[in-house]
Amino acid sequence: MAAAGLGLGVAAVSEPCPEPAGPAEAAAAASMPTRRRLEFLAGRRAARRALRAVGLDCGEIPRSGRLPVFPPGREASISHSAGIAVAVARAPGQDLPLGCDLELRPLPRAAARLVLCEDEESLLHDREALLADGVAPPDDGETLLGTGSRPTGAAWSVTELFSAKEAAWKALVVPEGGRRAGSAGTLRDLRACLSGDGLHVCLRAAPAHAVHVRVVRLGTGVFSYVVGRAGARGLPRAARPRCSTGDGQPVVPGQRSDVPPSR
């Protein structure tokens, strides 16, 4: 992640004596149920640790609505699952979209209809179908920490695709300042395509507005994070997929569009 200009921070709700970093965090946490309060504070600790990983100090992190508000020159994406919080921050001087998602509880196969459209179903791993055909599916317990890669030709689980789209959503739909762009929409408004060692995820309404997402398996869970805009330097040209617009015309990801830069 450091090579990509990103820093990682991790925190647990079980850490002793979790305290807000200032009055704004304290005020936000005061109205929360105990479990949500611990998750909120763990997320803030993870964000400060991610920022320190790229050489930046940060005090308290208040919120606007449900979104964190960072001081000028500092930005991070926060996610939490099953008592663990993670955050990804960008290094100073980097112009990188930010988005991460942690899912430590696997999603059921039936959740696919909430995440995918028909043109993405070929990505989906159906374990029962593979077993019926005598094909050994990928090992769900395989850990790929630090590589972000996956076996060549391996299909994707619902959890992986959900997590990748969640990370991309934060980078594409939630701009600087913490206000969503346009209508709320759903994950089905994003399209995922294979791209090298990860996924290319674009807005269906603006296919050139896209990011590259890396997905890391953590036991039966998943951690996903955005590593850059699709087509950016470092992504091999041969690995750049082609998404299509609503009228079926192909669009090469990375082309300029009228959509403003986002987190």
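See the values below:
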{"quantity": "Single condition I78 does not satisfy, out of (1) in a strand (DSSP E or B); (2) open to solvent by 40 Å² or more (accessible area, probe 1.4 Å)", "calculated": "(2)"}
{"quantity": "Residues of segment 33-54 classified as free of Cβ contacts under 8 Å to residues at least 40 places away in the same chain and closer than 25 Å to D95 by Cβ, total", "calculated": "2"}
{"quantity": "Residue that is open to solvent by less than 30 Å² (accessible area, probe 1.4 Å) and among the acidic types (D, E), where the choices are E25, E19, E39", "calculated": "E25"}
{"quantity": "Output for segment 199-216, where each listed residue is touching a residue at least 40 places away in the same chain (Cβ under 8 Å), over 20 Å from A2 (Cα atoms) and in a strand (DSSP E or B)", "calculated": "H200, C202, L203, A206, P207, A208, H209, A210"}
{"quantity": "Residue list for segment 68-85, filter: of a type outside the set (S, T, Y) and closer than 11 Å to F40 by Cα", "calculated": "P68, I78, H80, G83, I84, A85"}
{"quantity": "Number of positions in segment 151-189 that are surrounded by fewer than 17 Cβ atoms within 10 Å (Cβ to Cβ), part of a loop (DSSP other than H, G, I, E, B) and either modelled with pLDDT of 90 or more or not hydrophobic (A, V, I, L, M, F, W, C) (or both)", "calculated": "13"}
{"quantity": "Positions within segment 76-114 being over 25 Å from G221 (Cβ atoms) and in contact (Cβ under 8 Å) with a residue 24 or more places away in the chain, in sequence order", "calculated": "A91, P92, Q94, D95"}
{"quantity": "Selection status of R63, touching an Asp or Glu at 6+ places or on another chain (Cβ under 7 Å), among the basic types (K, R) and within 19 Å of K170 (Cα to Cα)", "calculated": "no"}
{"quantity": "Tally, over segment 81-113, of residues that are outside any loop (DSSP other than H, G, I, E, B) and either open to solvent by less than 50 Å² (accessible area, probe 1.4 Å) or modelled with pLDDT under 95 (or both)", "calculated": "16"}
{"quantity": "Residue that is nearest to A27 (Cα to Cα) [pool: residues in segment 44-75 that are crowded, with 21+ Cβ neighbours inside 10 Å and basic (K, R)]", "calculated": "R44"}
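Residue-wise test of (1) over 18 Å from I78 (Cα atoms); (2) open to solvent by less than 10 Å² (accessible area, probe 1.4 Å); (3) in contact with a strand residue (DSSP E or B) (Cβ under 7 Å, 6 or more places away or on another chain); (4) at pLDDT 95 or above.
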{"site": "R191", "(1), (2), (3), (4)": "yes, no, yes, yes"}
{"site": "S195", "(1), (2), (3), (4)": "yes, yes, yes, no"}
{"site": "G198", "(1), (2), (3), (4)": "yes, yes, yes, no"}
{"site": "A206", "(1), (2), (3), (4)": "yes, no, no, no"}
{"site": "V211", "(1), (2), (3), (4)": "no, yes, yes, yes"}
{"site": "T220", "(1), (2), (3), (4)": "yes, no, no, no"}
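The values are calculated or read from the model by the stated rules, or taken from the named source; none is laboratory data. What you see is a predicted model, and the numbers here were worked out from it, not measured in a lab. So basically every Cβ, Gly included, is an ideal-geometry build from the backbone, and we count neighbours across all protein chains shown. Areas reflect the complete protein model, heavy atoms only, side chains present, ligands, DNA and RNA absent. Shrake-Rupley method; radii C 1.70, N 1.55, O 1.52, S 1.80 Å.
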